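Report on one structure; see the data block that follows.
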Amino acid sequence: MKFNEKLDFLMSLTGTSNSAMAKHTSLDPSFISRLRSGSRRPSRSEGYIAKMANVLSKRCREEYQLQGLLSRLQAENISYARDSMNLETAIEKWLRNSPPEQKTKVGSFIRELDDFSFKKRVPVHGEIGEPYSEEPKQDVYHGVQGKRSAVLRFLNEILDSDRKYTLYLYSDEDLAWLMDDPLFTQQWSKVFLEVLQKGNKVKIVHTITRSLDEMFSAIKEWMPFYLTGNIEPYYYPRTRDVNFRRTIFIAPGLCAVSSNSIGRNPENNLNFFLTEKDTLHALIKEFEDFLKLCRPLMKIFNTSSNTSLLDTVAEFEDEKGNCILKSRALSSITLPLFAMEKLLKNHSKEERNMLFQFHKKRQRSLVELLETNSFIEIIQFPEISQLHEREIPIGLTVFTKTPVCYDSYTFKSQLENIVSLMKHYPNYNVRIQDNFKDELTVYAKENIGLLIMKYGQPSISFAINEPYMTQAFWDYMRMDSPEVSNTSSSREGTIDRINEYIKKLKDY
């Protein structure tokens, strides 16, 4: 059973309502509801699971309740004898013993990122096309509804201004104010996107003490904003106090929104809308001091920043570490130099020279890496007809605005180069995987970072070195790609499969 299923079972068994649980754990009832439904997952850094166990153990005293719980505990080999282990401890252990979901989370994130497109928005049920209503302009706004009004006012003030700003954004308060009302979420997204499209830039500090699932969801939800190229995301690398929370949004010289809350209950907090010059200056200094303690969460590249992407990839590949690289068909790193030269003949001289020199450097870095570290490449054989129709993009596509696709000759040449690498470098291993159709390249380097590159439109790439996300992706890639055997027979078997495919290409 997952955590939400266990919590829902226990609360139903003991007749504990969301409001009763919230009262005894200092949480918000809506947060309890999201935990029970599975739309919110618990963070390991939070202490409320122990509090929940305490509440539930006190309400589980009838014989039928104890017997019902005992059967669930035994299913997960958690022993509970009334004279040897108290009920509260057993319940807490059971709640914390939920199955690992990291592989599912990372895999789900990859699928959602691969499927991302600017789809026409589906209207929310009951929506009649009118904007979300704001409260009258004032200096202090109360509770969740007040925060929504203050934030909309903040964004609209920026839109109404003739200036362009670098906005400073940070919030570790509960996100119910932003996510729980679909109408407001749509209105906020629309106005925020207009702010970015107007040319305003954003420096935002993301809260990585949230669960991995929340981090991935945030990246997915922010995708349209990232694609503008106007956002610099950061994170604070140390653990912070989870009881005292803060929101601060600043448009320098114009206005700001500031609030504080206790725990996960924002209903009683005050949200201050500030315009006084000295106050704004003090807030900016405070934010800048905080930013000095933060690190970049990731670099984001769209079609207008391909030169910066080249520099980042080169820096990433200079670092030594074990690698796993998975692409839709083949990665561009093993493309022979003569094939690269042929592919670039229709590009401008400047772009041709830049990409050719970049590719030479990549291949030198690969050879140097293989002297000391393992490199696992996961490849797929496409239908040969797709190669003849030039339907399979080359990884080079993310580095140039001109689409580049494989033909049979180029694909065959690269496979022959892969065979040569396998014969000469014991640390280079290949796994042939069938039936994955995503167009993402996921390139993970253990304890270093990862690159995620999306070939399809809209094209976007991420470079991430935040340790938690790096480790999550590395573990996912290892679980999704079981250990490659390095025995002679296994390597020869892979080489034989590649050569069989090369023969089919020649005979087609």
Q: Return yes when ASN271 is on the phi < 0 side of the Ramachandran plot and either surrounded by fewer than 16 Cβ atoms within 10 Å (Cβ to Cβ) or at pLDDT below 90 (or both) and no when it is not.
A: no
**Q.** Residue under evaluation GLU317, criteria (1) farther than 27 Å from PRO426 by Cβ; (2) in contact with a helix residue (DSSP H, G or I) (Cβ under 6 Å, 6 or more places away or on another chain), criterion not met
**A.** (1)
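So if I check each of LEU297, LEU355, which one is within 30 Å of PHE249 (Cβ to Cβ) and either buried (at least 16 other Cβ atoms within 10 Å of the Cβ) or without any contact (Cβ under 8 Å) to a residue 24 or more places away in the chain (or both)?
LEU297
Please go through the range 158-178 and pick out each residue that is assigned to a helix (DSSP H, G or I) and surrounded by fewer than 18 Cβ atoms within 10 Å (Cβ to Cβ).
The initial filter retains those residues of the range 158-178 that are assigned to a helix (DSSP H, G or I), namely 158-160, 176-178.
Scanning the range 158-178 gives LEU159, ASP160.
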(Q) over 25 Å from the mean Cα position of the chain (by Cα), surrounded by fewer than 18 Cβ atoms within 10 Å (Cβ to Cβ) and modelled with pLDDT under 95: which single residue out of ASN302, ASN260 fits that description? (A) ASN260
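The values are calculated or read from the model by the stated rules, or taken from the named source; none is laboratory data. Only a predicted model underlies this, so the values are computations on that prediction, with no experimental measurement involved. Please note: Cβ atoms are built from the backbone with ideal geometry, for glycine as well, and neighbour counts cover all protein chains shown.
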